[in-house]
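Comments concern the structure below.
Derivation of every value follows stated rules applied to the coordinates shown; laboratory data play no part. All figures in this text were calculated on a predicted structure; none of them were measured in a lab. Virtual Cβ from ideal backbone geometry, glycine too; neighbours counted across all protein chains shown.
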Amino acid sequence: MTVKECYEVMKGDYDDVLSRLRTDERIKKFLIKVLSDPSFSQLCTAMDSENMEEAFRAAHTLKGVCKNMSITNLAYSASNLTEALRGRQTYGDDLEPLLKKVKKDYALTMACIQML
Amino acid sequence: MNAKKKILIVDDSEMNRALLEDMLSDDYEILEAENGLVASQILQENEMDICLVLLDIVMPVMDGFALLELMNRKGWIKNIPVIMISAETASTYMDRAYGLGAVDYVSRPFDERTVRHRVDSNVILAEKQRDLSARLAAQIYAKEKDNRLMIEILSHIVEFRNGESGLHVIHVHAITEFLLNQLSKRTRKYNLNHKLISLISNASALHDVGKIVIPSEILNKPGKFTDEEFEIMKSHTLEGAKMLKDIPFRSDEPLIKISYEICRWHHERYDGRGYPDGLKGEEIPISAQVVALADVYDALTSRRVYKPAFPHKQAIDMIINGACGAFNPLLSDVLRECGDELYLKLQETSQGDSSAAEIDSTLARTLKTEGTEASDRTVKLLEHERTKFKILSELSREIIFEYNAEPEMITLSEWGADYLGMPVKIFNLEESSFATKVFAKGDFSALLQKLKTASPENSSIIEKYRLDIKGVNTWCKVYARTIFSDAEPPVLEGAIVKIVDVNDEISEIKSLEHEVEKDYATGLLNRKAAKERIDSALSDIGNRKFALVFFDLDNLKEANDNRGHLFGDELLKHIAEVTKQNTRTEDVVARIGGDEFIIFMEYTALPEEQVKRIFSRITQKFGDFNVSVSMGVACADGEVTDYKELFEKAEKAAYSVKNDKKNAYRFYDGSMANVLKNRGVR
C-alpha cells in the first residue's frame, strides 16, 4: 500500500500532509510513530477510571498528533471528545458514543498504517 | 565554538516533538522536554545556551502557562524567545500566552516552512537584541571612561601646580561618594539617587580648578599667609566658579551646574563663617557641603607644605569638634558612625583600581535601571565564578550540594556524587534515593522544611543527621546557607549545603575519655579509674574472692640520683610493663602515685601463688639494676568489701615490709593495724 492509498482508506488528507511534510518518506516515518504513540491507550485507561482531567489531556494529545499527520477522520472524532471533556469534572453517558467513535476510527487508522 | 544553536521543544507528545525535531534538526541542536517541569530543569542548566523554546500548552505535571510564569519569575523570558505550538488557538489562550511574554505561535498541524521561518526569524531577532545591548554596554563603558579620564587629567593639572600628589582628587572623589551614599541612607531631604551621587562625585574633582590662577608662590608657601595673601588664596573659589560659568556652551549641563556649586562654595561653613559668600546652613548646596568635608578630611590626613599628616582618628575628632569650622550635623553623624569604614575604604583605594571599579558599578547600575539584559561581560564573569566554585568544591573533597528551589533540584559536587554513588543532578527530591537512602526517613524533608522556613536574616542552618554513606551509618553535620532573591519580600532561591562527617570527631572524643582514665607515663589505669572498677567489682562480689596488692619501689630515689631521672622514668615504665604482662586482662592494674602501684585480682583458692609469681617477676633485674619492692596484700573475702578499707590494709602490709627488711611481700594481718597511722588513703 502506498502512503497515498493509506490516507484514502483511513480518510485522511494526503495533499495537506504532503504539502507540509514534503516527502512520502517523511510522512511514512511519522505515521509509524503514531503506532507507538501512547495517548490512545492513556485515553482509554483514563476513561475507564473516570479520570476526567487525564482523559482530556490524552484526547487533546491524540487530536494534536492526528492533526499533525492530517489523519482528518480520527482527528475529528478525537476533537469532538476533547471538547466534550474540556473543563469537565464528572463522567457522563454522553461521552460513551464519542469514545466509541474514537475507538472505531483509531482501529481503522492503525490497521491502515500497519499495512504500509 | 561553532556548535549549532540549541532549541528546546516542550510537548508531551513524543510524536509532535519528533516532527518538529525533524523539521529543525538541520540547523539546530534539539533538546526535548515532555512537560514544563522537565523543561524548567533543562532551562536552569542551559539558560545561556538555549536560543529559543517551542512550547505546548496542555501538558501533564506542569503546563505551558506555568512554565511561562516561571520563566518570568526567573527572568529567562527576557533572553529566550518562546513560540507557542499548541493546538489551542482560542484567542483567550493566545492572549494569555502573549501576556506572559510568548513572542509568536505556530498552529497545528505543523507546516515545515512555517515552523522553520518562525523559528529562524525569532532566533535572529533575539540575537540582534542581545548584540545591541552588548554594544550599548560597551558604549556606556567607553563614554564613562572617557568622561572620567578628562576630569582626572584636568584636576591633576591643578594639583601638579599645587605640588600635591594627585591622590587628593581621587581621595576627595572616594570620600564624597562614600558620604553621599551614607547620607542617602539616612535622609531623603536631598533627593540623592545613584545618578546624582555619581554626578557630584565626578564634579568633586574640579573643586580646586580656580587655583590655576593663584600665583604658585602663594599656593606653595610653607609658612603662614599674610592677610593679603589669604585673600588671594580665597579667591580660587570665585575664580573656579567664574571659569565654569564662562563656558560658552552647554551651561545647562548638570555636571557644569554642580561643578559650579562645588567650586564656589566648598569653603562655606554650616554656621555661615566660611567664604566667599558666607552662606549658612542649607543655603549651601549639599554637593558643596559634602565636598567641603571631604576636602578637609583629606587635607588633614595628608602631609602639606605647611603641616604634617594627622592620623585618621585625630582628623575625625578635629572635624567633629569643629576645629575646621562647622559642618552639617547630619554629615558629622555619618563621620562619627562610619568613619572607620571610610578609613578602610580609602586604604583600599588605589588609583587605577578605583576608577575601573567605579566604571563597573556605574555600568551595572545603568544597565539595571535602563532595563537592559546582562551583557556578555557579566555572563563571562558569572561563568568564571561558577568554575571557581566548582573547582573549590572538588578540591575540598567534601560533599557539597546546591539546592535550587524552583525548579526544585539538587546539584551535587562531582566528588560528592562520586563518593555517595549518586547522580550529580537530582530531581523529584522527595522520592530520590538521595532523600530516601542517604538520608534516613523524614530527615531530608525536615531539612528542606528548615531551608524553606529560613529568612535572609537567619540564613545559616546547622543540623546533625545520621546518613548512610556507602552503606555505613555515619553521623554527619549538615551546614546550609540559604540564598534569597533581591525581591521584596525576599524569595528563597536555593541554598549551598555542605555535609561533614563527624563520626571521627565523635570517636575521637571517646578515645579522649579513655585517655583520661589512663596514667599518662605508664599507660596503666590511674587511681580514679582503678577505684571505680574496684568499687564496681566489690559491689557485686557475691561468692567471688579478690586480692588487692599494693607495692612501691624501695629504690627509685637511688635510681634517680645515681642514673638520672630519665632512667627513673624508664624503670617505672618497665615495672608497669612487667606487671601488665603478668596479670590477666580482667585484673585491674594501676599506678596510683609516684612509685606506687596496685593490682586488684580475683582468685579462687588461695592468692599466695599468684602474688608470689608477680613479686618474683617484678623484682627481676632491670638491666643491671636490682629492682626492690615492698608489697602488701589484703583480701576481700567476705569480711572486707570496701575499697578504702582494703586499700589501707594492703598499704599497711606493704609498709610493715618496708619498715622491716624491704623487698618482700606480706599479707595483712591484725598485728599491722597500727602501722603508719599518719598515712591516709591517697
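Figure legend: label point modelled 7 angstrom from the Cα of residue A:36 along Cα→Cβ; residues of the stretch B:1-37 with amide N under 11 Å from it are B:15.
Our coupling estimate for the stretch B:100-111, obtained by passing each phi through the Karplus curve with A = 6.51, B = -1.76, C = 1.60 and θ = phi - 60°, is 8, x, 5, 9, 6, 9, 10, 8, 8, x, 5, 10 Hz, Gly and Pro reported as x. Pairwise inverse Cα distances across the stretch B:518-672, averaged and inverted, put the Kirkwood hydrodynamic radius at 15.6 Å. Short-range pairs are left out: with C-alpha atoms under 8 Å and at least six residues apart, the relative contact order of chain A is 33 percent.
Partner aspartates and glutamates whose Cα lies under 12 Å from the Cα of residue B:221, excluding those fewer than 8 positions away in the same chain, are identified as B:229. Between the listed residues B:403, B:525, B:30, the Cα displaced farthest toward the positive end of the dipole of chain B, a dipole computed from Cβ unit charges relative to the Cα centre, is found at B:525. Taking amide H as placed 1.01 Å from N in the peptide plane, the amide H of residue B:79 sits under 5 Å from none that are at least 5 places away or on another chain. For the peptide B:106-113, the mean number of other protein chain Cβ atoms found within 10 angstrom of a residue's Cβ is 5.
Where a Cα-Cα gap under 25 Å defines reach, which lysines qualify for residue B:313, not counting those fewer than 8 residues away within the same chain? Partners found: B:185, B:345. Taken about its Cα centre, chain B carries a charge dipole of about 2120 debye when Lys and Arg each add +1 at the Cβ and Asp and Glu each add -1 at the Cβ. Per residue, the convex hull spanned by the alpha carbons of chain B comes to 321 Å³.
By the count of other C-beta atoms within 10 Å, a proxy for reagent exposure, B:520, B:665 are ordered fewest to most as B:520, B:665. Note on residue B:120 and residue B:569: with the Förster distance fixed at 60 Å, the Cβ-Cβ geometry gives a FRET efficiency of about 0.10. Each residue of the stretch B:662-667 was assigned a 3J(HN,Hα) from its phi angle through the Karplus expression (A = 6.51, B = -1.76, C = 1.60, θ = phi - 60°), giving 6, 6, 7, 10, 8, 8 Hz with x at Gly and Pro.
Legend: ranking of residues B:411, B:453 from fewest to most surrounding C-beta atoms inside 10 Å; resulting order B:453, B:411. Exposure proxy shown here: for A:40, B:249, the number of other Cβ atoms within 10 Å sets the order, fewest to most, as B:249, A:40. Cross-link check: pairs B:234/B:257; B:545/B:573; B:74/B:390 evaluated at a Cα-Cα cut-off of 31 Å; no pair lies beyond the cut-off. Within the straight-line cut-off of under 15 Å between alpha carbons, the aspartates and glutamates reachable from residue B:143 are B:152, B:358, B:360, sequence neighbours fewer than 8 places apart in one chain being disregarded.
Counting lysine pairs in the stretch A:3-114 whose alpha carbons fall under 19 angstrom apart, excluding pairs fewer than 8 residues apart on the same chain, gives 27. Kindly state, to the nearest 0.05, the FRET efficiency for residue B:246 paired with residue B:46, given R0 = 51 Å and r defined as their beta-carbon distance. After rounding, the FRET efficiency stands at 0.30. Label-to-label distance for residue B:232 and residue A:96 is 11.5 nm, based on points extended 7 Å past Cα in the beta-carbon direction.
Counting only Cα atoms, the size of the protein assembly as shown along its three principal axes is 123, 111, 46 Å, in decreasing order.
What the phi angles of the stretch B:648-656 give under the Karplus curve with 6.51, -1.76 and 1.60, with θ = phi - 60°, is a coupling list of 4, 5, 4, 5, 4, 4, 5, 6, 5 Hz, glycine and proline written as x.
Over the stretch A:3-114, the alpha carbon radius of gyration divided by the compact-protein estimate 2.2 N^0.38 Å works out to 1.06.
Per-residue ellipticity at 222 nm from helix content only, as computed over chain B with -39500 (n - 2.57) for each DSSP H run of at least four residues, stands at -16000 deg cm²/dmol.
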